[in-house]
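Trainee: Shown below is the structure under consideration.
The values are calculated or read from the model by the stated rules, or taken from the named source; none is laboratory data. Computed from a predicted structure; not experimentally measured. No Cβ is skipped: glycine too gets one built from the backbone with ideal geometry, and neighbour counts run over all protein chains shown. These area figures cover heavy atoms from the full protein model, side chains too; ligands, DNA and RNA do not enter into them. Shrake-Rupley method; radii C 1.70, N 1.55, O 1.52, S 1.80 Å.
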Amino acid sequence: MLKGKNILIGVSGSIAAYKIPLLVRLFKKEGANVQIVMSESARDFVTPLTLSALSGNPALTEPFDERDGSWNSHVDMGIWADVLIMAPSSANTLAKMAHGISDNLLVTTYLSAKCPVFFAPAMDLDMYKHPTTAKNVEILKSYGNIVIEPTQGELASGLCGAGRMEEPDEIFRMVQEHFASNKPLQGKKAVVSAGPTYELIDPVRFIGNFSSGYMGLCIAEELAEEGAEVTLVMGPSQYKSEHPLVNQVNIVSSQDMYEACTNAFHSSDIGVMSAAVADYKPSETAENKIKKKTDLMSLDLIKTQDTLAELGSIKSDKQFLVGFALETENEVENAKGKLQRKNLDFIVLNSLQDKGAGFRHKTNKITIIDKNQQITSFDLKSKEEVAKDIVAKIVSDINN
Ligand code: CTP
């Protein structure tokens with residue numbers, strides 16, 4: 001869930017700052033990127049070296065580093081972050097946040113953040129109880145910032161009461177939950193086919209194609225990013241998804257693909273068949289390597305099972321099905337035919353006439369034709385961005 005997410009942690013001067021290294025570790029263990037911004041006084045409570053070493057990025061305090069001339073842009077950090085966690089938030093930083101005072105890198109970064117902001121107050125009980133602090137917390141909540149309430153207990157002063165910063169594992173859990181609950185495909189299951197198939201002629205030869213599997217991998221990961229639990233049925237490919245919500249099933253032949261996809265589709269809400277499946281396979285596979293004996297050699301081929309057509313025929317009203325069409329001529333007409341024949345919700349058309357589209361490119365240029373005959377053409381984009389366009393259309397159609 002947190003893999004690849006950009007987590008910005010704003011540390012201010014409170015004794016609870018000594019717990020932030022643990023919070024950093026929790027995010028890093030999940031594969032998130034962590035950047036620390038800290039106030040001058042936070043450095044008295046936890047060393048920048050510790051936070052830099054654990055986060056893998058220099059912990060920043062100054063907008064400008066005089067030693068190497070580097071400029072630490074609060075604006076860039078604000079754009080980069082998927083979430084900002086102001087922890088601990090001292091009474092002073094809290095007051096600055098509430099009133100737009102921007103006299104250091106930490107609070108300018110807070111003001112620049114476009115992402116959700118969590119803040120975890122940490123101070124002595126009377127400071128926390130003071131009406132001005134209570135008012136500042138309310139102001140921040142009214143801006144949509146999410147308060148991580150301090151807990152009750154013994155404080156650094158020896159006094160007992162509310163003011164202890166929430167424990168790192170609880171802060172981590174809240175942020176994790178936030179990412180999980182905001183996903184439009186949360187609770188949905190999807191099956192995606194990707195890559196080529198290899199149809200064996202004999203033990204060493206096969207009929208295959210140039211598909212890399214990358215487009216399907218990007219679609220599977222984008223569906224997972226939006227919260228779906230994905231089964232990725234992948235033909236022979238160098239790619240392997242590491243996304244925690246993607247279960248990759250590696251197969252070889254069109255028959256394997258048919259079995260794995262039909263199996264997974266029964267319990268799926270969404271099917272996206274992007275694989276380049278062989279349409280024909282040798283009528284039989286020779287047991288031993290075929291020897292070259294004659295000048296002319298021919299192979300008997302038989303039709304493979306059409307996975308997409310099968311899913312279209314068993315699909316219920318609640319299931320959503322997307323197919324691909326790779327065409328070289330009469331593109332839109334051919335794709336419309338497939339859309340109808342295979343009972344799809346929409347079809348993604350790639351034309352081999354478009355430069356940079358289709359196999360062996362990191363880019364693709366697609367046209368989406370949906371069952372209402374609405375046609376949308378997209379520019380040439382990276383396959384990651386194309387996957388976002390396809391998944392955005394799935395999300396919007398499912399919700400309408
Ligand atoms: N497909 C499939 N199983 C097959 C063949 C194709 O699931 N045995 C799926 C592909 O994954 C793609 C779509 O069907 O989503 C279109 O495949 P394509 O081979 O282009 O279309 P066909 O219907 O086979 O038509 P034609 O060969 O005439 O282009």
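Trainee: Select from GLN305, MET38, ILE390 the residue farthest towards the positive end of the dipole of the chain; place +1 on Cβ of Lys and Arg, -1 on Cβ of Asp and Glu, and compute about the Cα centre.
Mentor: Farthest towards the positive pole: GLN305.
Trainee: Taking a quarter of the surface of the Cα convex hull of the range 258-383, what do you get in nm²?
Mentor: Taking the Cα atoms of the range 258-383, their convex hull projects to 10.6 nm² on average.
Trainee: Using the Cα centre of the chain as origin and beta-carbon charges of +1 (Lys, Arg) and -1 (Asp, Glu), tell me which of LEU60, MET77, TYR239 is placed farthest towards the positive end of the dipole.
Mentor: Going by the charge dipole, the pick is TYR239.
Trainee: If you don't mind, there's one more thing I want to ask. With +1 on the Cβ of every Lys and Arg and -1 on the Cβ of every Asp and Glu, and nothing else charged, how large is the dipole of the range 89-200 about its Cα centre, in debye rounded to the nearest 20?
Mentor: Approximately 480 debye in magnitude.
Trainee: Write out the GluC sites (Glu not before Pro) in the range 293-337 meeting two conditions: DSSP loop, and at most 14 other Cβ atoms within 10 Å of their Cβ.
Mentor: Answer in residue order: GLU329.
Trainee: Bin all alpha-carbon pair distances of the range 61-106 at 5 Å intervals from 0 and give each bin's fraction as a whole percent.
Mentor: Spelled out per bin, shortest first, that is 5, 17, 22, 26, 19, 9, 2.
Trainee: Would you work out the relative contact order for the chain, in percent, from Cα pairs under 8 angstrom that are 6 or more residues apart?
Mentor: 11 percent
Trainee: Sticking with this one: Please state the charge dipole magnitude for the range 298-357, taken about the Cα centre, from unit charges on C-beta atoms (+1 on K and R, -1 on D and E), reported in debye and rounded to the nearest 20.
Mentor: That gives the range 298-357 a dipole magnitude of about 200 debye.
Trainee: Something else: Show me, bin by bin at 5 Å from 0, the whole-percent P(r) of the range 156-264 based on Cα pairs.
Mentor: In whole percents, the pair-distance histogram is 2, 11, 17, 16, 13, 9, 7, 6, 5, 4, 3, 3, 2, 1, 1, 0.
Trainee: A further question on this structure: Taking the convex hull of the Cα atoms, report for the range 233-317 its projected area averaged over all directions, in nm².
Mentor: Computing the convex hull of the Cα atoms and averaging its projections yields 7.8 nm².
Trainee: Here is a further query. In whole angstrom, and with the biggest value first, how far do the Cα coordinates of the chain range along each principal axis?
Mentor: Principal extents (Cα only, largest first): 91, 45, 39 Å.
Trainee: Continuing with the same structure: Please give the direction-averaged projected area of the C-alpha convex hull for the range 11-120, in square nanometres with one decimal.
Mentor: 6.4 nm²
Trainee: Grab the DSSP H runs of the chain that are 4 residues or longer, score each as -39,500 (n - 2.57), total them, divide by all residues and round the 222 nm result to the nearest 500 deg cm²/dmol.
Mentor: Taken over the chain, the calculation gives -9500 deg cm²/dmol.
Trainee: Rounded to a whole number, what is D in µm²/s for the range 143-196 from Stokes-Einstein with the Kirkwood radius over alpha-carbon pairs (4 °C, 1.567 mPa s)?
Mentor: 88 µm²/s
Trainee: Something else about it: Restricting to Cα atoms and excluding each atom paired with itself, what does the Kirkwood estimate give for the range 64-173 in Å?
Mentor: Averaging 1/r across every pair of different Cα atoms and inverting gives 14.8 Å.
Trainee: If you don't mind, there's one more thing I want to ask. State to the nearest 20 debye the size of the charge dipole of the chain about its Cα centre, where the only charges are +1 on K and R beta carbons and -1 on D and E beta carbons.
Mentor: So the dipole magnitude of the chain works out to roughly 540 debye.
Trainee: Find the relative contact order for the range 245-400 and round it to a whole percent, using C-alpha pairs within less than 8 Å whose residues are 6+ positions apart.
Mentor: Worked out over the range 245-400, it gives 15 percent.
Trainee: Mind listing the long-range amide H neighbours of GLN248? Cut-off is under 5 Å, sequence gap 5 or more, other chains count too, H placed in the peptide plane at 1.01 Å from N.
Mentor: Those lying under 5 Å, H to H, from GLN248 are LEU232.
Trainee: Now a separate question. Return the long-range amide H neighbours of SER89 (sequence gap of 5 or more, or a different chain), with a cut-off of under 5 Å between placed amide H atoms.
Mentor: Amide H to amide H, under 5 Å and 5 or more residues apart or across chains, SER89 pairs with ALA120, ALA122.
Trainee: Determine the share of the chain's accessible area contributed by carbon and sulfur atoms, expressed in whole percent, with a 1.4 angstrom probe.
Mentor: 49 percent
Trainee: Once amide H atoms are built 1.01 Å from N in the peptide plane, which residues 5 or more positions from SER70, or in another chain, come under 5 Å H to H?
Mentor: ASP65
Trainee: In Å², and per residue, what accessible area does the chain have when probed at 1.4 Å with the other protein chains present?
Mentor: Result: 50 Å² per residue.
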